[in-house]
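Below: one structure, written as structure tokens.
The values are calculated or read from the model by the stated rules, or taken from the named source; none is laboratory data. Computed from a prediction, not measured in an experiment: that's the story for all the values here. Here the Cβ is made from the backbone with ideal geometry for all residues, glycine too, and neighbour counts use every protein chain on show. Ligands, DNA and RNA are stripped out before the accessible areas are found, and what is left, the full protein with its side chains, is counted by its heavy atoms. Shrake-Rupley method; radii C 1.70, N 1.55, O 1.52, S 1.80 Å.
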Amino acid sequence: MKRVTIKDVAVMAGVSPATVSRVVSGDGRASQEVAGKVRAAADQLGYRPSVMARSLTQSSTQLIAFVMGSLQNPFDAALVEALSAGFYRTGKRLLIVPADHGDNDSGPMTALDYQTDGVVVAAGHISQSASERLAGLGIPVILFGRILEAPGVDCIVADNFEGARRAGRLIARSGAKRVTTVRHAWDTFSDDERVAGLCSALKGRARVEVVKISAGNGFGDALMLLSGPERPDAVFCVNDVLAAGVLDAAAAVGLRVPEDLSVIGFDDIPMASSPLYGLTTLRLPVDEVAGWIIERLLRRLEEPGLAVEMHRVPTPLIVRGSTRRVLSATVPVHNQAEGGGSPGRAGK
């Protein structure tokens, strides 16, 4: 089936292709009668204007490239939804670009193929040279989850270190002596900061072991960890998905949570507050992240000369039933009643 073009609409409406272009773009120079004929012909033929063709004349596609990895973590899926809805309200559309971890610049540079108005990078990375090229073309870049000092690149990251340090102080106050940190097998900026924050709080107070998970939620690795003779009495996970895997493993081997094992996650995805998990975690508010990205990118489009900004998102500690409740002025927490007990995670 042949794609309907602007010339097809022009022939049916009995006008020139230039007139059709003016009507479609809302130029306003065509009479109401002519505009009515063009719209009727376009509807009958099922014509849809090409975003790419429009960009050649208007210097804007209204597209924002979002470079991202998989959607296995519910936080990432929620961020896509929030960004898509937020940009839609401003007249722009989100273009999903898969990250190529073998070539850090392939995702961001794909934005050039589609003439996007801006780029948001949430997975992979972007080099100094690529960021300079995009900046030279007037394409703003927002980097989420990592920091790069480069022209035209604004960065937004979670307050990883301080959040994890609060988690570490809570673990120390609970009396835990053997602590395991569960992180991804591949190195990430956020994982590094979170592990460093936890270790800072527990230095001299508990032995900390780092376990790297290569795939999934780490259930199998957690089973081996919790079945061994030197099992930890507290586990800090760099995200809630990994923490859920640890809680599932604890139930499988008959450990009581939090009596035998305390577990803390990061992100506060919806499952964290369910009665099934009742997970203590650090909250990274997805709506705040998306709102900042949208506001900053739109502002930079209007004011390209803005100084670059690095924004840290506060990550409050949300205490639920997966940790023993310890009240201390040195550990600022937000106690949350829902999912407060974890009887469903205890071993039988």
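Averaged over its residues, the chain has an accessible area of 47 Å² per residue, based on protein heavy atoms and a 1.4 Å probe. From helices alone, the chain scores -12000 deg cm²/dmol at 222 nm; the rule is -39500 (n - 2.57) for each run of n ≥ 4 DSSP H residues, then divide by the residue total. Packing here is the average count of other Cβ atoms within 10 Å per residue, and on that basis the peptides 157-167, 182-192, highest first, run 157-167, 182-192.
In the chain, what is the count of Lys pairs whose alpha carbons are under 29 Å apart, counting only pairs at least 8 residues apart or on separate chains? Here the count comes out as 10. The portion of the accessible surface of the chain made up by carbon and sulfur, rounded to a whole percent, is 53 (1.4 Å probe; DNA, RNA and ligands excluded). Taken as Cα centroids, region 138-183 and region 185-261 sit 17 Å apart, rounded to the nearest whole angstrom. Could you tell me whether the chain comes out rounded, prolate or oblate from its Cα gyration tensor? Rule is a ≥ b ≥ c as square roots of the eigenvalues, rounded for a/c under 1.5, then prolate if a/b exceeds b/c, otherwise oblate. Note, shape of the chain comes out prolate. Look at the Cα gyration tensor of region 73-166: its axes a ≥ b ≥ c give a/c of at least 1.5 with a/b at or below b/c, and that counts as oblate.
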